[in-house]
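Since the structure comes first, as structure tokens, the remarks are kept for the end.
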Amino acid sequence: MRIDEILRNKRTLSFEVFPPRKQEGAKEALYATVQKLAELSPDFISVTYGAGGGDGRDNADIAAHIQACGVTALAHITGGPSSPDDVRRVAETFLARGVENVLALRGDRPPEAEEYCKYYQHATDLMQALRPYGFTMGAACYPEGHAECDSLYEDLEAMKKKEACGARFFITQLFYDNSYYYRLVNEARKAGIEAPILPGIMPLVNVKNLKHIKAMCGSAIPLDFRNSVERFAAHPAVLEELGLNYASYQILDLIAKGAPGVHLYVMNSARIAALIVERLRAVRHEFFGA
Ligand code: FAD
């Protein structure tokens, strides 16, 4: 189903998974995770794409498996490392496997990739190339501003261009201070951007998550929460409880203030997804219509 249509009808709950490294049994393990995530009745599950490119076949397999489990798939695709032939091949592979929805991204240049962005400098270039295939396209946005931007307002210009190139919805970078999200939505609406902006939330439930945040996006962590995370870093069970409670608080606050849905970065953990969904049980029916 088209994600823009789902968003027109209800508030969404969705998850992100990433393809496993090439180890024996890893794909089967991910498929089992997807099956468990599907049992939580999300509106869609997204699958990330390597910043270094690839032929998209693993992503298409995972997206097809998501849909075989009865859930709409959102396949990410990065333009940075690709040639027009690569993009054509990936788009045709996705279409052949029944993928209707893509999240079009530039990708982060890996240090060794000199020719990164030779053909597709920005997500918008990739979106132009994908347009003829008829996908429902989404794009990324950044409540705290993208690392290459001097201000949020430069990023809003990029969002406007992404919407003009066909973005029907946005998903945000993860954040721990909801006020960044509210500022982004307010400023985006003032700038005339109309597409729904789905907040991305990553429950910070272990020390690995903290390292991932530092390495990948540097999102600000409010001091009180950060102090507690550091205080309980050596107590995994306490840290997990703290992270689940904090994420649930963020989600309830987002719902209360009218967010169109919530996209959960669950780092391939169906257990963490289930624990969050359990905490949302009281609001699921009334506020998510499911
Ligand atoms: P762009 O939109 O090209 O933006 C990059 C910079 O250029 C920004 O500073 C922007 O303001 C500026 N800009 C954008 N368009 C224009 C334009 N037309 N003209 C001038 N300037 C412009 N990475 C992966 O490798 N794989 C994934 O699966 C993946 N999934 C992601 C999912 C989400 C929800 C998010 C938020 C990020 C994801 N990323 C992923 C990371 C992403 O690739 C990086 O953040 C990357 O640095 C920027 O990608 P983008 O699509 O926003 O790029």
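Any read-out appearing in this document is the output of simple, stated calculations on the displayed coordinates, not a laboratory observation. All figures in this text were calculated on a predicted structure; none of them were measured in a lab. When we count neighbours, we look across all protein chains shown, and the Cβ atoms used for this are built from the backbone with ideal geometry, even at glycine.
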Considering segment 73-126, residues that are part of a helix (DSSP H, G or I) and of a type in the set (Ser, Thr, Tyr), and then whichever is farthest from the ligand (Cβ to nearest atom), we arrive at THR93
Per the filter on segment 140-161, residues within 6 Å of the ligand (Cβ to nearest atom) and outside any loop (DSSP other than H, G, I, E, B) are ALA140, GLU154, ASP155, ALA158, LYS161
Here the residues within segment 251-290 that are in contact with a strand residue (DSSP E or B) (Cβ under 6 Å, 6 or more places away or on another chain), within 24 Å of ALA195 (Cα to Cα) and small (Gly, Ala, Ser) are ALA259, GLY261
Expected single match for part of a helix (DSSP H, G or I) and touching a residue at least 24 places away in the same chain (Cβ under 8 Å) among SER228, SER248 is SER248
Of the candidates HIS212, HIS235, the one satisfying the condition of being closer than 23 Å to PHE18 by Cβ and not β-branched (Val, Ile, Thr) is HIS212
If we keep only residues of segment 2-53 that are touching a residue at least 40 places away in the same chain (Cβ under 8 Å) and of a type in the set (Lys, Arg), then the residue nearest to LEU74 (Cα to Cα) is ARG2
message = Can you find a residue that is farther than 20 Å from LEU156 by Cβ, part of a helix (DSSP H, G or I) and more than 19 Å from the chain's Cα centre (by Cα) anywhere in segment 190-200?
response = no
Scanning segment 56-114 residue by residue, those under 16 Å from the mean Cα position of the chain (by Cα), farther than 22 Å from ARG21 by Cβ and touching a residue at least 40 places away in the same chain (Cβ under 8 Å) turn out to be THR72, ASN101, ALA104
Practice problem: Inspect all residues belonging to segment 180-193 and state whether any of them is more than 16 Å from the ligand (Cβ to nearest atom), within 30 Å of ILE6 (Cβ to Cβ) and surrounded by 15 or more Cβ atoms within 10 Å (Cβ to Cβ). | Solution: yes
Counting only residues in segment 165-189 that are under 11 Å from ALA139 (Cβ atoms) and of a type outside the set (D, E, K, R), the one farthest from the chain's Cα centre (by Cα) is identified as CYS165
The residue that is farthest from the ligand (Cβ to nearest atom), considering only those in segment 60-72 that are out of contact with any helix residue (DSSP H, G or I) (no Cβ under 6 Å at 6 or more places or on another chain) and among the hydrophobic types (A, V, I, L, M, F, W, C), is ALA68
Subset of segment 138-164, residues of a type in the set (A, V, I, L, M, F, W, C) and over 30 Å from GLU100 (Cβ atoms), comes to ALA147, CYS149, LEU152
Checked segment 254-266 for anything in a helix (DSSP H, G or I) and surrounded by 14 or more Cβ atoms within 10 Å (Cβ to Cβ); matches are LEU254, ILE255
Subset of segment 22-54, residues out of contact with any His (no Cβ under 9 Å at 6 or more places or on another chain), over 25 Å from ARG281 (Cα atoms) and assigned to a loop (DSSP other than H, G, I, E, B), comes to LYS22, GLN23, GLU24, GLY25, GLY50, ALA51, GLY52, GLY53, GLY54
Pairs returned, first residue in segment 138-156 that is surrounded by 12 or more Cβ atoms within 10 Å (Cβ to Cβ), second residue that is among the charged types (D, E, K, R), beta-carbon separation under 6 angstrom, 6 or more apart or interchain, are ALA139/LYS162; TYR142/ASP155; GLY145/ASP155; HIS146/ASP155; CYS149/ASP155; LEU156/GLU187
